[in-house]
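Before any comments, here is the structure.
The values are calculated or read from the model by the stated rules, or taken from the named source; none is laboratory data. Given the structure is predicted, the values throughout are model-derived calculations rather than measurements. Note that each Cβ is placed from the backbone with ideal geometry, even for glycine, and that neighbours are counted across all protein chains shown.
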Amino acid sequence: MSYYFSTSVKNITFNDAISQVTEALKDEGFGILTEIDIKATLNKKLDVDFYNYTILGACNPPFAYKALQAEDKIGTMLPCNVIVQEKVPGTIEISAVDPGASMVAVNNKELENIAEEIRDRLKRVIKKLK
């Protein structure tokens, strides 16, 4: 089982890709709780030049609430991370965590059902970006 799913897009800037991902997530009920600019962080902390790489911490509040009710320690696996990266100039890769893969270690049927719904929503986000 893969722990993520992804797509690549061309003819778009990195910042426009982040905007499109954010809007596609919003359409599926997600908000962005965190935005981590890995390139800037590595440059500041290690003085290295890394390619464009941003981690978006996406959260769908109703499903997060259901998950927390089903399993109080599930917050260790929240939010759902979506990455936007540009390893090759002009080609943007967008990848989302597969929450089902994350839940393998948790033996909770109710949580599995929630993870399936979130997986479906994140897959729709990725498909919209092709």
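In this structure, residue 96 does satisfy being under 14 Å from residue 4 (Cα atoms) and at pLDDT 95 or above.
Residue by residue, here is whether (1) of a type in the set (S, T, N, Q); (2) under 23 Å from residue 14 (Cβ atoms); (3) out of contact with any Ser or Thr (no Cβ under 7 Å at 6 or more places or on another chain) holds:
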{"residue": "41", "(1), (2), (3)": "yes, yes, yes"}
{"residue": "63", "(1), (2), (3)": "no, no, yes"}
{"residue": "66", "(1), (2), (3)": "no, no, yes"}
{"residue": "76", "(1), (2), (3)": "yes, no, yes"}
{"residue": "88", "(1), (2), (3)": "no, yes, yes"}
{"residue": "91", "(1), (2), (3)": "yes, yes, no"}
{"residue": "113", "(1), (2), (3)": "yes, no, yes"}
{"residue": "117", "(1), (2), (3)": "no, no, yes"}
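What is the one condition in (1) part of a helix (DSSP H, G or I); (2) in contact with a helix residue (DSSP H, G or I) (Cβ under 7 Å, 6 or more places away or on another chain); (3) surrounded by 15 or more Cβ atoms within 10 Å (Cβ to Cβ) that residue 7 does not satisfy? All conditions are met except number (1).
Being more than 17 Å from residue 130 (Cα to Cα), among the polar types (S, T, N, Q), at pLDDT below 95 and surrounded by fewer than 16 Cβ atoms within 10 Å (Cβ to Cβ): is that true of residue 102 here? So residue 102 does not fit the description; no. Applying the selection to segment 65-94, what residues are within 15 Å of the chain's Cα centre (by Cα) and crowded, with 20+ Cβ neighbours inside 10 Å? Of everything in segment 65-94, those that are within 15 Å of the chain's Cα centre (by Cα) and crowded, with 20+ Cβ neighbours inside 10 Å turn out to be 80, 82, 84, 85, 92, 94. A Cβ distance below 9 Å, combined with a sequence gap of six or more or placement on separate chains, defines the contacts here; from segment 38-56, residues that are basic (Lys, Arg) reach residues that are not in a helix (DSSP H, G or I) in the pairs 39/49; 39/50; 39/51; 39/52; 39/53; 39/54.
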